[in-house]
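Written out below as structure tokens is the structure these notes cover.
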Amino acid sequence: MAAPKIGITCGEDVKEGKVFLTNYYLRCVQRAGGIPWLIPSIEKNISDYLSNLDGIILSGGVDVDPLYFGEEPIIGMGEITPGRDNFEIKLTQAAIILDVPILAICRGVQVLNIALGGNIYQDILSQVPGVYKHTQYAPKWYPTHTIHIIRDSILEGIFKSETARVNSFHHQAVSSLADGIVSIASTSDGIVEAITMPNKKFVLGVQWHPECMADRFQDQQQIFNEFVKASTR
């Protein structure tokens with residue numbers, strides 16, 4: 001049985017004209033038994049990517065342009081990379097049609113939800129009353145808040161618990177869910193922390209960064225293990 005090829009979307013440094021990806025993702029995929037492939041945001045290559053890859057990771061990054069969910073930018077919105085937004089939304093839509101397994105991380109959760117017709121908060125600090133601190137200054141591996149997990153969900157199966165502690169590096173979040181997407185974890189302040197699509201082979205989105213925690217916490221690595229397992233033909 002061949003090791004599954006896992007495509008991972010890349011960040012973009014528009015000023016420097018570079019694409020990049022942290023080693024955290026690569027190590028997690030390798031430990032899970034997959035072969036990581038970096039995917040630059042080249043729209044004309046989407047069909048080739050999907051015909052050669054067994055699973056897709058939508059990696060973290062900067063904000064998503066509100067153009068894609070029908071809003072004007074508010075004061076709290078940050079940096080955007082329009083080429084990456086356009087590419088990843090189209091990649092996601094095509095992958096969903098083909099039922100290619102998807103693991104969406106942080107920004108990737110927002111991309112997944114927007115691609116299927118959902119909305120996000122541009123800035124939870126200004127749009128969600130009573131919201132907790134979701135952008136930590138602790139080490140990247142350190143869990144700073146609690147999530148509450150839906151019983152019998154794919155995430156409860158991974159964590160073997162209805163609660164977990166996770167890290168947090170975001171100020172955007174899912175507001176209204178797209179058709180076919182369900183929330184399977186949230187924080188006590190009402191922020192959606194994980195989503196899935198029950199009718200697909202494997203679609204899981206997590207609002208935190210498990211790749212930064214996986215060296216120290218086996219349950220965070222298990223997220224990648226389950227994803228790579230689902231991507232194995």
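The values are calculated or read from the model by the stated rules, or taken from the named source; none is laboratory data. In this text, all values refer to a predicted model and were calculated from it rather than measured experimentally. Cβ sites come from the backbone with ideal geometry, for glycine too, and all protein chains shown count toward neighbours. Remember, those area values only see protein heavy atoms, side chains included, never the ligands or the DNA or RNA. Shrake-Rupley method; radii C 1.70, N 1.55, O 1.52, S 1.80 Å.
For this structure, a couple of remarks:
- Taking amide H atoms as placed 1.01 Å from N in the peptide plane, the amide H of residue 185 lies under 5 Å from those of 150, 193, 194, each 5 or more residues away in sequence or on another chain.
- For residue 13, net neighbour charge (Lys/Arg +1, Asp/Glu -1) across residues whose Cβ lies under 14 Å away: 0
- Test item: Cα-centred dipole of the stretch 127-213, Lys/Arg +1 and Asp/Glu -1 on Cβ, debye: 180 debye
- Stokes-Einstein diffusion for the chain, with the hydrodynamic radius set to the Kirkwood value over Cα pairs and evaluated at 4 °C in a medium of 1.567 mPa s, equals 74 µm²/s.
- Whole-number percent relative contact order across the stretch 139-181, with pairs defined as alpha carbons under 8 Å at least 6 apart: 42 percent
- Value of relative contact order over the stretch 166-219, rounded to a whole percent, pairs C-alpha under 8 Å and six or more apart: 34 percent
- Accessible-area value, residue 126, 1.4 Å probe, nucleic acids and ligands omitted, Å²: 80 Å²
- The largest accessible area among 27, 233, 165, 151 belongs to the first residue in 233, 151, 165, 27, and the rest follow in falling order (1.4 Å probe, all chains).
- Selection from 58, 47, 230 lying farthest towards where the dipole of the chain points positive, charges on Cβ: 230
- Under the Karplus curve 6.51 cos²θ - 1.76 cosθ + 1.60, θ = phi - 60°, whole-Hz ³J(HN,Hα) for the stretch 198-204, x wherever Gly or Pro sits: x, 8, 10, 4, 7, 9, 9
- Total lysine pairs under 22 Å (Cα atoms) in the stretch 77-233, excluding pairs fewer than 8 apart on one chain: 7
- Contact order normalised by residue count of the stretch 3-44, Cα under 8 Å, 6+ apart, percent: 53 percent
- MRE, 222 nm, helices only [DSSP H, n ≥ 4, -39500 (n - 2.57), over the chain, to nearest 500]: -8000 deg cm²/dmol
- The chain, accessible area per residue, ligands and nucleic acids excluded (1.4 Å, Å²): 45 Å²
- Protein heavy-atom surface of the chain, 1.4 angstrom probe: 53% of the accessible area is carbon and sulfur, with nucleic acids and ligands not counted.
- Ranking 141, 37, 208 by solvent-accessible area of protein heavy atoms (1.4 Å probe, all protein chains present), from largest to smallest, gives 37, 141, 208.
- Summarising the amide proton neighbourhood of residue 39: residues at separation of 5 or more, or on other chains, whose placed amide H is nearer than 5 Å comprise 8, 9, 10.
- Scanning residues 5 or more positions from residue 175 or on other chains, those with amide H under 5 Å from its amide H are 119, 120, 121, with H placed 1.01 Å from N in the peptide plane.
- Once you reduce the stretch 6-63 and the stretch 167-224 to the center of their Cα atoms, the two points are 18 Å from each other.
- Test item: Cα-centred dipole of the chain, Lys/Arg +1 and Asp/Glu -1 on Cβ, debye: 760 debye
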